[in-house]
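Trainee: Below is one structure. I have some questions about it.
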Amino acid sequence: MAEGGVSTCPQVFVVDSQAGYVSVPVSRRKPRWARVGQKSLLLLVGLALLGLVVEGCFIYSLYKKTQEFSPCKSHPLCQDLSGRQGDTMSQMRTKESNEIPTVRPHLDQLQQRPFAQLIGSNTPKGENNVVLWLNTAGETVTNNMVYENGRLIVEKDGYYYLYSKVTLNSSEECVLIQHKVMKGTKAYGNKIELMKSKSIRCGTRTTKSSSAKASDREDRWNSFLAGIFHLRSGDTIFVELENIDKIHPGNTENLMGAFMIFPGDMLK
């Protein structure tokens, strides 16, 4: 009993067993091996991208060096061709898409280039062993060049492809035959030898009889010369043939020709 005869009620605490529990979030950390693998993968991807960039820079640098040391870069012929290609492309860009480009300017330039082809004459023996040609019959043609007395006269400076073919009859005895392509120029007093074929030819019998006549003998020999040379306006081109009496006359047996492959002088 309490003092003064007053009784107090005891305090009672009740626990509710039906109350729900509040869940507390628990942080889950990734395993260590997973974190290391992810970092390694990112590092490998970065290295691969860096390698591609370095490889691209290396290839571009090698390409530039190859262009600088290219022998065609400083060649006038290549520069002329590249310039023409650039002009053609710029002209095509300015045209409408449905317009067909024309090639007439290029054909006009080709038609203006000198060329000539001469065929053999039935009387090919000229003075000083110079071979005479036909320039007005058959497959003969001359353009921006002049033929006179066995000689082609150059009218425009440039690099020319020259060629000559002759057919000869070998005699009974062995004989030295020399086929030459010569140039005459105003810069020098003497003629200049451009090409030469030198051979000793001996006749052969076509019959088994040892007493066969010379008329029964027939042995033809062909000589062909060709090359590229720089010629100037006023130069002359002609063919000399030692023992010219041995030449076999005919339109298809002998030829001489020239055509320009590049105008001007590439060495300047």
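Trainee: Just one of the numbered conditions (1) open to solvent by 60 Å² or more (accessible area, probe 1.4 Å); (2) more than 17 Å from T236 (Cβ to Cβ); (3) at pLDDT 60 or above; (4) not in a loop (DSSP other than H, G, I, E, B) is not true of N128; which one?
Mentor: Single failed check for N128: (2).
Trainee: Only one of these conditions is not met by N169: (1) surrounded by 18 or more Cβ atoms within 10 Å (Cβ to Cβ); (2) in contact with an Asp or Glu (Cβ under 9 Å, 6 or more places away or on another chain). Which number is it?
Mentor: Result: N169 fails condition (1) only.
Trainee: Across the stretch 135-147, what is the total count of residues that are in a strand (DSSP E or B) and either touching a residue at least 40 places away in the same chain (Cβ under 8 Å) or touching a strand residue (DSSP E or B) at 6+ places or on another chain (Cβ under 6 Å) (or both)?
Mentor: Of the stretch 135-147, the ones in a strand (DSSP E or B) are 141-143, 145-147.
Now restrict to residues that are either touching a residue at least 40 places away in the same chain (Cβ under 8 Å) or touching a strand residue (DSSP E or B) at 6+ places or on another chain (Cβ under 6 Å) (or both): 141-143, 145-146.
Total meeting the criteria: 5.
The values are calculated or read from the model by the stated rules, or taken from the named source; none is laboratory data. Keep in mind the model is a prediction, meaning the values are calculated, not measured. FYI the Cβ positions are ideal-geometry reconstructions off the backbone, even for glycines, and counts take in every protein chain you see. Surface accessibility is based on the protein's heavy atoms, side chains included, excluding ligands, DNA and RNA. Shrake-Rupley method; radii C 1.70, N 1.55, O 1.52, S 1.80 Å.
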